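The values are calculated or read from the model by the stated rules, or taken from the named source; none is laboratory data. Predicted model only: the values in this text are computed from it and were never measured. Positions of Cβ are generated from backbone atoms using ideal geometry, with glycine treated the same way; all protein chains shown enter the neighbour counts.
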Amino acid sequence: MRESSHLRATAEAYDAVAVPYADLPRDDLERFPLDRAVLAAFAEAVRACDGGPVAELGCGPGPVTAHLRDLGLDVFGVDLSPAMIDLARDAHPDLRFEVGSMDALDLADGQLRGIVSWYSVIHAPPQDIPAYFAEFRRVLAEGGHLLLAFFESEGEPLTTFDHAVTTAYRWPIDDLAGLAREAGFAEVGRMLREPCEGERRQRRGHLLMRKV
Ligand SMILES: C[S@@+](CC[C@H](N)C(=O)[O-])C[C@H]1O[C@@H](n2cnc3c(N)ncnc32)[C@H](O)[C@@H]1O
């Protein structure tokens, strides 16, 4: 795994909150039909293409990985935080979870059919995003799909916000889509939704991209 002070700080911050984080009510996807719709569209797009498994990068305790499994995908999870990976393995013993960083994956070129980053690239320093997307493209098969979920900046420029765990960024959706295009992805579609009751008051952004 690549070492950097930023990655170390992120891993330590998530290790420190892993147990209370995993105890948060995990009905999220039940409450959010638009999120489920995006994940279902991703799963359908992936199933229509050839290639290997799907990786959830930055999987935390694994609820989205498990949801992707329930959608019929062959999926595994990767996370920087060893404590998060322990929790994911305990909660979902039938699934594979590995410690690793999404910017330096221990995977061969073209090995994956799909990648989901569900609120995990939000922690990448913005100047590192091109390298993250280049790594995603390297491990995806031709035509492989990438799904990103993130906090959207609602017309404001790229900015940090008061994330409860560690430094995180709110992205203008056009900027993140532009960086993905520059890295060799075509946009398939996008979805913006407003926060629901009880959620952090920030717009959610979702981008579905395909390797070209
Ligand atoms: C907000 S949590 C989201 C967890 C999960 N996707 C979910 O929705 O429940 C962000 C996760 O991304 C992980 N993460 C952050 N940077 C990462 C990196 N470079 N590589 C792998 N995981 C990373 C963190 O350790 C954390 O578990």
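Overview of results
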item	result
Test: Phe150 is within 16 Å of the ligand (Cβ to nearest atom), under 18 Å from Met102 (Cβ atoms) and not small (Gly, Ala, Ser)	yes
The lone exception for Ile122 - which of (1) outside any helix (DSSP H, G or I); (2) in contact with a Phe, Trp or Tyr (Cβ under 8 Å, 6 or more places away or on another chain); (3) farther than 20 Å from Ala141 by Cβ; (4) not small (Gly, Ala, Ser) it fails	(1)
Qualifying residue in region 166-174 (condition: of a type in the set (A, V, I, L, M, F, W, C), within 16 Å of the ligand (Cβ to nearest atom) and farther than 17 Å from Pro33 by Cα)	yes
Pair list, Cβ < 7 Å and 6+ apart or interchain, from region 114-128 residues that are of a type in the set (S, T, N, Q) to residues that are near the ligand (Cβ under 6 Å from one of its atoms) and not in a strand (DSSP E or B)	Ser117/Gly58; Ser117/Met102; Ser120/Gly58; Ser120/Met102
Helices (runs of 4 or more DSSP H) enclosed by region 12-95 - at least 2 residues per element that are within 13 Å of the ligand (Cβ to nearest atom) and surrounded by fewer than 20 Cβ atoms within 10 Å (Cβ to Cβ)	28-31, 82-91
Yes/no for Val116 being β-branched (Val, Ile, Thr), away from the ligand (no atom under 14 Å from the Cβ), at pLDDT 95 or above and touching a helix residue (DSSP H, G or I) at 6+ places or on another chain (Cβ under 9 Å)	no
Residue check for Ala9: closer than 15 Å to Ser120 by Cα and surrounded by fewer than 21 Cβ atoms within 10 Å (Cβ to Cβ)	yes
Residue in region 121-131 that is within 16 Å of the ligand (Cβ to nearest atom), touching a Ser or Thr at 6+ places or on another chain (Cβ under 6 Å) and at pLDDT 95 or above present	yes
Extreme residue, farthest from the chain's Cα centre (by Cα), among residues of region 99-128 that are surrounded by fewer than 17 Cβ atoms within 10 Å (Cβ to Cβ) and among the acidic types (Asp, Glu)	Asp109
